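Taking it in order: structure first as structure tokens, then the write-up.
The values are calculated or read from the model by the stated rules, or taken from the named source; none is laboratory data. What you see is a predicted model; the values in this text were computed from it and never measured. Here the Cβ is made from the backbone with ideal geometry for all residues, glycine too, and neighbour counts use every protein chain on show. Ligands, DNA and RNA are stripped out before the accessible areas are found, and what is left, the full protein with its side chains, is counted by its heavy atoms. Shrake-Rupley method; radii C 1.70, N 1.55, O 1.52, S 1.80 Å.
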Amino acid sequence: MNKSLCRRVGILAFTAIAATTLSMAPASALTDITIRDRDGLGSMTFHDDGDVFTVCNLKGRGGYIIGKIWYKPAIGGSWSATDSKADKFGGGCAKITNVDVEIVGNYQMRLYWNGAGYDKEIARSRTFNE
């Protein structure tokens, strides 16, 4: 009886830990992801079909918009910028095409505005992978 109870509690604990761990995994990017800042200065979109990132300056207030792609390994490690592109107003949007978003690891888009001579973060996406 005691052995059976311990087994049931063990199975229940394992199930709870597994459910919690799986719910913490980053969302898959099965569809496009777009971020914008609250002032409407710029946007950044991840197109899952072909792994294309688009960075757009929407207002051109004397600065430019920078889109950065950040990566963090699935186990250990810290966030690091893998690529970035700047877009000045009026010339179309900039594209990043050399980043292969994979299922292993976590990715995040971060949008910056450089109007005062330094990069100020203005938007950040959720964490995602393939």
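Points worth noting:
- Output for segment 49-87, where each listed residue is in contact with a strand residue (DSSP E or B) (Cβ under 7 Å, 6 or more places away or on another chain) and basic (Lys, Arg): 68, 72, 85
- Matching residues in segment 107-122 - criterion: being within 21 Å of residue 78 (Cβ to Cβ) and either of a type in the set (A, V, I, L, M, F, W, C) or at pLDDT 95 or above (or both): 107, 108, 109, 110, 111, 112, 121
- Among the residues of this structure, residue 51 counts as one that is open to solvent by less than 80 Å² (accessible area, probe 1.4 Å), touching a residue at least 12 places away in the same chain (Cβ under 8 Å) and among the acidic types (Asp, Glu).
- Residues considered: 82, 127. Of these, the only one that is open to solvent by 20 Å² or more (accessible area, probe 1.4 Å), under 14 Å from residue 34 (Cα atoms), of a type outside the set (Phe, Trp, Tyr) and under 13 Å from the mean Cα position of the chain (by Cα) is 127.
- Single match in 69, 122, 65, 96 (criterion: over 16 Å from the mean Cα position of the chain (by Cα), β-branched (Val, Ile, Thr) and crowded, with 16+ Cβ neighbours inside 10 Å): 65
- The condition (being farther than 13 Å from residue 41 by Cβ and not hydrophobic (A, V, I, L, M, F, W, C)) is satisfied by just one residue among 114, 98: 98.
- Selection of first residues in segment 119-130 that are over 16 Å from residue 43 (Cβ atoms) and of second residues that are open to solvent by 10 Å² or more (accessible area, probe 1.4 Å) and among the charged types (D, E, K, R), restricted to Cβ pairs under 6 Å at least 6 apart or on distinct chains, gives the following pairs, ordered by first then second residue: 130/102.
- Index of the failed condition, residue 59 passing every other in (1) assigned to a strand (DSSP E or B); (2) surrounded by fewer than 19 Cβ atoms within 10 Å (Cβ to Cβ): (1)
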